[in-house]
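As structure tokens, the structure follows; a few thoughts come after it.
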Amino acid sequence: VQLQASGGGLVQAGGSLRLSCAASGRTFSRSTVAWFRQAPGKEREFVARIVWNGGSTYYADSVKGRFTISRDNAKNTVYLKMNSLKPEDTAAYYCAAAVGLIYSASVNAYDNWGQGTQFTVSS
């Protein structure tokens with residue numbers, strides 16, 4: 001699976017943004033897809049994940065209630081809708097995938113990564 005993240009930019013605090021992760025490859029529809037983020041000087045951290053049929057989602061506590069992950073397998077795309085954005089959400093956001101049901105927030109659980117998309121939340 002090859003992944004391409006997009007949708008970054010500049011947004012004001014309290015605003016909304018939607019990131020997209022477009023995938024190519026036959027295994028996408030059978031893959032768990034996750035979003036991670038990495039701020040300058042910090043480790044990459046888990047944000048959210050969704051299993052292959054969208055039946056299970058999981059969020060980091062820091063984004064729960066504000067972010068929503070969804071997928072459209074017909075379009076080979078996973079989305080991350082982000083509301084009530086805060087300056088601390090500023091980071092490069094990466095989508096990652098692994099075939100099967102992956103119930104993990106570890107970067108090591110995902111073996112396919114996109115190039116990342118950056119966005120900044122201004123206060």
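The values are calculated or read from the model by the stated rules, or taken from the named source; none is laboratory data. Predicted model, so just to flag it, every value in this text is computed and none were measured. FYI the Cβ positions are ideal-geometry reconstructions off the backbone, even for glycines, and counts take in every protein chain you see. When the accessible area is computed, the model is the full protein with side chains, heavy atoms only, and any ligands, DNA or RNA have been set aside. Shrake-Rupley method; radii C 1.70, N 1.55, O 1.52, S 1.80 Å.
Centre-to-centre separation between the Cα atoms of the stretch 82-123 and those of the stretch 1-72: 5 Å. Working from Cα pairs under 8 Å separated by at least six residues, relative contact order for the chain is 37 percent.
Net charge in the neighbourhood of Arg71 (other residues with Cβ under 15 Å of its Cβ; Lys, Arg +1, Asp, Glu -1) is +4. Amide hydrogen proximity for Thr90: with H placed 1.01 Å from N in the peptide plane, the residues at 5 or more positions away or on another chain lying under 5 Å are Val121. Note on the chain: with a GNM built from Cα contacts shorter than 10 Å, the maximum mean-square fluctuation among Val78, Val47, Val11 falls on Val11.
Classify the chain: rounded, prolate or oblate, from the alpha-carbon gyration tensor (a ≥ b ≥ c, eigenvalue square roots; a/c under 1.5 rounded; otherwise prolate if a/b is larger than b/c)? Verdict is prolate for the chain.
Lysines within cross-link reach of Lys64: Cα-Cα under 20 Å, excluding same-chain residues under 8 positions apart? Correct list for Lys64: Lys81, Lys86. Within the accessible area of the chain, what % is carbon and sulfur when the probe is 1.4 Å and the other protein chains stay in place? Here it works out to 46 percent.
Annotation: for a label point projected 7 angstrom from Cα along Cα→Cβ of Ala39, residues of the stretch 61-85 with backbone N closer than 15 Å are 61-64, 85.
Ignoring aspartates and glutamates fewer than eight residues from Lys42 along the same chain, the ones with Cα atoms less than 20 angstrom from its Cα are Asp61, Glu88, Asp89.
Here the 3J(HN,Hα) profile of the stretch 106-123, calculated from phi with Karplus coefficients 6.51, -1.76 and 1.60 at θ = phi - 60°, is 8, 4, 6, 7, 10, 10, 10, 10, x, 8, x, 9, 9, 9, 10, 9, 8, 8 Hz, Gly and Pro shown as x.
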